[in-house]
Amino acid sequence: MSTTAAPKLKTSAMIASFADPGQKTAPAPFGHALAKAAEQDERIVGLTADLGKYTDMHIFAQAHPDRYFQMGMSEQLLFGAAAGMAEAGLTPFASTYSVFAARRAYDFICLDIAEPNLNVNVVGGLPGLTTGYGPSHQATEDMAIFRGMPNLTIVDPCDSIDIEQAVPQLAASEGPTYLRLLRGKVPTVLDEYDYTFELGKAKVLRGGADVVFVSSGLMTMRALQAAELLAAHKVDVAVVHAPTIKPLDVDTIVAELDTPRLAVTLENHSVVGGLFESVASALVRRGVSRRVVPVGLPDAFLDAGALPTLHDRYGLSKEKIVETVLAELG
Amino acid sequence: MTTVAPTTAHAERLERLAEHAYNVRMHALQMGEVQGQGYVGQALGAADMLTVAYMDQLRYDVADEHWEGRDRFLLSTGHYAIGLYAALAEAGIVPLEELETYGSDDSRLPMSGMASYTPGMEISGGSLGHGLTVAVGMALGLRHRGLAEQRVFNFLSDGELDEGSTWEAAMGAAHHRLGNLTAMVDMNALQADGPAQGVLRTEPVLEKWQAFGWHAIRVDGNDLPALVDAFDEARSVAQPEGKPQVIICDTKVGSGVTMLEEREKAHFMRIEEHEWAICREQLTARYEAAKEAAR
């Protein structure tokens, strides 16, 4: 056995940040944004199912203790009660992990919230592959589950800027929303671009002649990093950020993909039922025949382990994205 | 005089409710006959509960179904809609002439109750075990908004006691001290696959609710005087912050119509075309006899 082998990385605790070492971050952007929005809108209330601290809802609870409701580890009650509060004239934000919202409480979100089109905002922590705890906590198919639900708007934010700007828009928008929460120390990335979050809009963050990336969530951060690395290989990459998965900004995305450039989608989600398939169906409906390369998680239950190990294993790291693109370009 | 007056008033109250309950049952039979089928057995069983709720306890404005000061009545069991439509018609919220559209295309009275279709329908039931969770949020929300006097009623069936979410909500209601919430459980002892005790044993039901922190009352749900006493007791302990109340009502499927009471119990009761007239005759005969006996 070699004594020089690198020590194996360890699975982080649940609250670990996925920020790169030294990266600019903002603490608990969701909690702060919700607390601020609540100062302007007295209808806003916060609920959680024993995961206040782990979904940054505790920041809101500290700021507005009388508007915070702990429902216990009861996700069906959480969303049924959120529906009842909306029926009573309030605007609830209800948080739990994405796996529990999507898998466990689906019927309650579907029938009690989405069918009557109530303004309830579902906040899901640990979307996609943002924990090393294995399939019990990795919501790799949350968007696939939720995309079939009528009336539900789905938002997959990239960073702290997206979250800060999205929260008041989610509160103001009619009908239910699902926010793929990034919590804790969340990277701040989009402040370096001419960008503002607009619900329902995709935005071109940078242009490029050879490749076009369409990405959502934390994969937009990776897409931007990979674009920088690819520039060193003389590959010019455009990045289109599509934080609203449903309804998808079809006009912007199809226009960007209807070119001879290599088209790549990047998402922190299974290749089944998420951004890739949303984009693919949009292209087909518009009669645009383009090959699209999906960067996303495999259609499989994923391993446990350290996030950097897993992101590399499943192709989400910036280095693996560069490899994928260079291989495609031959 | 002072000792006689309340007694007389109470007798009049019961007499009035008995007539309403008779009417509610007739409305249900009318809807059942139009369809030639339906959950008539459940509607007749729950008719007294619905009558006391709508004709004696709930506050609402017939002219303004969205009046903010109303009490909320949430029907979890969507298939009991036939019973609720009958009560809404008796209350004047749904026009009587509309009952004949029950279950027809484009009707505001679909087979399974939905909020977007029917005036006075607060939620869409049908996926069982939802109603009490929504009721918890509504009671919390109304209290939070300062509408502290408004009460939230949730009608649920004994079958819904099989659902884990019902007990999540029961815990949540007690934890948040929702004294403005009243559950009414129709214990008709019948589920889709047969007698409830053979499907999943839920007894002891009274003790379960008590253990979950509720003010629990168990009563014969087809005994109007006992039902009225139970609802009055719940109202007397109802307050913005306190114990939620549950009225557990043992009812008889098909109650009020002898032929249906004696028929083999089924979730979806079969009634032949020529039998509807017999049902109405039996219902009327029973009502007239009881009225005579009360005098």
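The values are calculated or read from the model by the stated rules, or taken from the named source; none is laboratory data. Nothing here was measured: the structure is a model prediction, and the numbers come from that model. Here the Cβ is made from the backbone with ideal geometry for all residues, glycine too, and neighbour counts use every protein chain on show. Areas reflect the complete protein model, heavy atoms only, side chains present, ligands, DNA and RNA absent. Shrake-Rupley method; radii C 1.70, N 1.55, O 1.52, S 1.80 Å.
Out of all the residues in the range A:247-264, which are free of Cβ contacts under 8 Å to residues at least 40 places away in the same chain and open to solvent by 30 Å² or more (accessible area, probe 1.4 Å)?
Scanning the range A:247-264 gives A:250, A:251, A:255, A:258, A:260.
The selection criterion, being more than 13 Å from chain A (Cβ to nearest Cβ), at pLDDT below 95 and surrounded by fewer than 24 Cβ atoms within 10 Å (Cβ to Cβ), does not hold for residue B:78. Applying the set (1) surrounded by 24 or more Cβ atoms within 10 Å (Cβ to Cβ); (2) closer than 21 Å to residue A:202 by Cα to residue A:138 leaves exactly one unmet item: (2).
Restricting the range B:117-176 to residues that are acidic (Asp, Glu) and without any contact (Cβ under 8 Å) to a residue 60 or more places away in the chain, the residue that is farthest from the other protein chains (Cβ to nearest Cβ) is B:158. State whether one or more residues within the range A:52-72 are in contact with an Asp or Glu (Cβ under 7 Å, 6 or more places away or on another chain), crowded, with 21+ Cβ neighbours inside 10 Å and closer than 30 Å to residue A:313 by Cα. No: zero hits.
Those residues that are assigned to a loop (DSSP other than H, G, I, E, B) and within 14 Å of chain B (Cβ to nearest Cβ), I need them from the range A:111-136; list them, please.
A:115, A:116, A:117, A:118, A:119, A:120
Of the residues examined, residue A:220 is one that is buried (at least 23 other Cβ atoms within 10 Å of the Cβ), on the phi < 0 side of the Ramachandran plot and touching a residue at least 12 places away in the same chain (Cβ under 8 Å).
Taking into account only those residues within the range B:262-278 that are under 21 Å from the mean Cα position of the chain (by Cα) and more than 27 Å from residue B:216 (Cβ to Cβ), which is most open to solvent (accessible area, probe 1.4 Å)? Walk me through how you get there before you give the answer.
First, pick out the residues of the range B:262-278 that are under 21 Å from the mean Cα position of the chain (by Cα): B:265-269.
Those left that are additionally more than 27 Å from residue B:216 (Cβ to Cβ): B:266, B:268-269.
Details: B:266: 35, B:268: 84, B:269: 7 Å².
The qualifying residue most open to solvent (accessible area, probe 1.4 Å) is B:268.
Residue B:29: under 27 Å from residue B:278 (Cβ atoms), of a type outside the set (Val, Ile, Thr) and in a helix (DSSP H, G or I), yes or no? It is true that residue B:29 is under 27 Å from residue B:278 (Cβ atoms), of a type outside the set (Val, Ile, Thr) and in a helix (DSSP H, G or I).
Matching residues to (1) surrounded by fewer than 19 Cβ atoms within 10 Å (Cβ to Cβ); (2) among the small types (Gly, Ala, Ser); (3) part of a loop (DSSP other than H, G, I, E, B):
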| site | (1), (2), (3) |
| --- | --- |
| B:46 | no, yes, no |
| B:63 | yes, yes, yes |
| B:68 | yes, no, yes |
| B:73 | no, no, no |
| B:83 | no, yes, no |
| B:112 | yes, yes, yes |
| B:122 | no, no, yes |
| B:127 | yes, yes, yes |
| B:133 | no, no, no |
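Restricting attention to the range A:55-81, report how many residues are within 22 Å of the chain's Cα centre (by Cα) and at the interface with chain B (Cβ under 8 Å from one of its Cβ atoms). Full working, then the answer.
Looking only at the range A:55-81, we keep the residues that are within 22 Å of the chain's Cα centre (by Cα), and these are A:55-60, A:75, A:78-79.
Narrowing the set further to residues that are at the interface with chain B (Cβ under 8 Å from one of its Cβ atoms) leaves A:79.
Number satisfying all stated conditions: 1.
In the range B:1-20, the residues that are at pLDDT below 95 form no Cβ pair under 7 Å with any partner that is polar (S, T, N, Q) and open to solvent by 90 Å² or more (accessible area, probe 1.4 Å), whether six or more places apart or across chains.
With the structure loaded, tell me whether residue B:36 is on the phi > 0 side of the Ramachandran plot and surrounded by fewer than 19 Cβ atoms within 10 Å (Cβ to Cβ) or whether it fails that test. Give the derivation first.
On the way: on the phi > 0 side of the Ramachandran plot: yes; surrounded by fewer than 19 Cβ atoms within 10 Å (Cβ to Cβ): yes.
Against the criterion (on the phi > 0 side of the Ramachandran plot and surrounded by fewer than 19 Cβ atoms within 10 Å (Cβ to Cβ)), residue B:36 qualifies.
Checking the stated criteria, residue B:94 turns out not to satisfy the condition of being of a type in the set (Val, Ile, Thr) and either open to solvent by 30 Å² or more (accessible area, probe 1.4 Å) or within 13 Å of chain A (Cβ to nearest Cβ) (or both).
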